[in-house]
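Just so it is clear, none of the values below were taken in a lab; they were calculated from the coordinates. Please read these numbers as outputs of a predicted model, since none were measured by experiment. Cβ coordinates were reconstructed from backbone atoms using ideal geometry, including for glycine residues, and neighbour counts include every protein chain displayed.
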Amino acid sequence: MRDLNKLVSLEKDALREIANVGAGNAATAVSQLIGTVIQVDVPKVSIIRVQDLPLPLGGPETVVAGIYFKLFGDAPGKMLLCLSQDSIGPVLELMLGEKPAQAPARLSDIQASALKELGNILCSAYLNALARFMDMQLLPSVPAFALDMVSSLLSTVLAESAELHPQALLIETQFSTVGRPITIHLFLIPEAGSLNTMLQALAEQSGVSFDG
Amino acid sequence: MAESMCAKPPDKLACFGIGSCVCLALYDPGAKVAGLAHSMLPTIAAALVPPGGMGPADQAKYADSAVGFLVASMEKLGASRGRITAKLVGGAAMFSFAGPRTEGAESLGERNLRAARESLAAHGLALQAEESGGSAGRSIEFDPADGSLLVRSALADPRWL
């Protein structure tokens, strides 16, 4: 198995480029769904020890809506989408046409379902772009949903990877809107074995070799 | 995460955002020494054991090795093994996928809890209380002055354990 510590900067750039392609497509799809312009930040590629959680959305106890997918196909892995609590109301208003009462502590089935659907569209658009770009097959599971502390969600997702590898490759992208406080954070966590597959596919596409 | 800490009054211990992980809270009321370990996984896979053996971080990371390691750390602060009692928090299943669950499959949280309970029993430590399972994340605050443990979650009222 590939030592994640030996990922060279060229390879990180390549992964960032993959993430950009996916995120760009996902932003377009979500922008059409909710009818606002979506901004995409430059994706961040990092190799972390599974216990060192990133906390992009505030402290470990910040409540977020998490939409989680297992990814199957040529490059298996996981994707977790986190919507900040401030985003939930505006997103639901745009999708369902009605403003939820106050800050949503609990969501109705239809509200949770709407957020899962948003996740589905974002995840599928992201994966489609990746799959086309790398000429491979990538399939998401059905979404799982939870409204809870960001650290409890992320640590659970990372713990599942940790059984096989002490480190994880984390590809993060942030989506936001102008004018409305909507922030969606996307974590893509390819399995350790998927890294080689992805870099190889990129090498074939671009003619650049990543022998590191 | 994957860490352990010990403390005596007036210091306090805390752990935030526990999902499928288990938090092991040990307390010696005689010496007023408290110990907390936050484990991510039930047991180390043979392939992941480092050549030089498991370091402190690795031992806390796995629920089965965390118990012995935490007891030894507490003994250095004056705790006595015979007086130590245990509380267990965490082991939730944060995400559930629609559709029938695979027959007999245990969630990671359940496996973490089982490993922690078995290891406590193997070390002869009494499990005094447990706030575990379910589908909600938890945070805890642990006070070495009286061994009280406060469990908080995002949507439910705080609870003393």
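For this structure, a couple of remarks:
- Distance from the alpha carbon centroid of segment A:52-121 to that of segment B:11-77 works out to 32 angstrom.
- Under the criterion of Cα pairs below 8 Å and six or more residues apart, the relative contact order for chain B equals 31 percent.
- Each helix, a run of at least 4 DSSP H residues, gives -39500 (n - 2.57); summed and divided by the residues of the protein assembly as shown, these come to -11500 deg cm²/dmol at 222 nm.
- Separation in nanometres of the label points that stand 7 Å from Cα toward Cβ, at B:A105 and B:A57: 3.0
- Convex hull of segment B:3-160 built on C-alpha atoms - directionally averaged projected area, nm²: 10.1
- Net dipole in debye of the protein assembly as shown [+1 Lys, Arg Cβ; -1 Asp, Glu Cβ; about Cα centre; nearest 20]: 540
- Inter-chain Cβ neighbour average for residues B:89-95, partner chain, 10 Å: 5
- Crossing angle, helix A:85-96 versus chain A [Cα axis fit, 0-90 degrees, rounded to tens]: 70
- Neighbour counts of other Cβ atoms within 10 Å put A:K12, A:K99 in the fewest-to-most order A:K99, A:K12.
- Whole-angstrom gap from segment A:31-50 to segment B:137-154, using each part's C-alpha centre: 35
- B:L26, A:L199 arranged by Cβ crowding within 10 Å, fewest neighbours leading: A:L199, B:L26
- Ratio of Rg to Rh over segment B:91-161 (Cα coordinates, Kirkwood Rh, two decimals): 1.03
- Residues A:I88, B:I84, A:I34, sorted so that the one with the fewest Cβ neighbours within 10 Å comes first: A:I34, A:I88, B:I84
- Calculated FRET efficiency for the pair B:A156/B:A126, C-beta based, R₀ 30 Å, to 0.05: 0.65
- Intensity falloff of segment A:1-129 expressed as log10 I(q)/I(0), Debye formula with alpha-carbon point scatterers, at q = 0.09, 0.12, 0.18 Å⁻¹: -0.31, -0.55, -1.17
- With kT/(6 pi eta Rh) evaluated at 37 °C and eta = 0.692 mPa s, and Rh the Kirkwood radius from Cα pairs, segment A:89-199 diffuses with a coefficient of 203 µm²/s according to Stokes-Einstein.
- For chain A: relative contact order, % (alpha-carbon pairs under 8 angstrom, 6 or more apart): 35
- Relative to the longest principal axis of the Cα atoms of chain A, the long axis of helix A:192-206 makes an angle of roughly 70 degrees.
- Amide H contacts of B:S148 (H built 1.01 Å from N, under 5 Å, at least 5 apart or other chain): B:D143
- Taking a straight Cα-Cα cut-off under 14 Å and skipping sequence neighbours fewer than 8 places away in the same chain, the aspartates and glutamates within cross-link reach of B:K76 are B:D28.
- When Rg and the Kirkwood Rh are both derived from Cα coordinates, the Rg/Rh ratio for the protein assembly as shown amounts to 1.00.
- Degrees, to the nearest 10: A:150-162 long Cα axis against longest axis of chain A: 30
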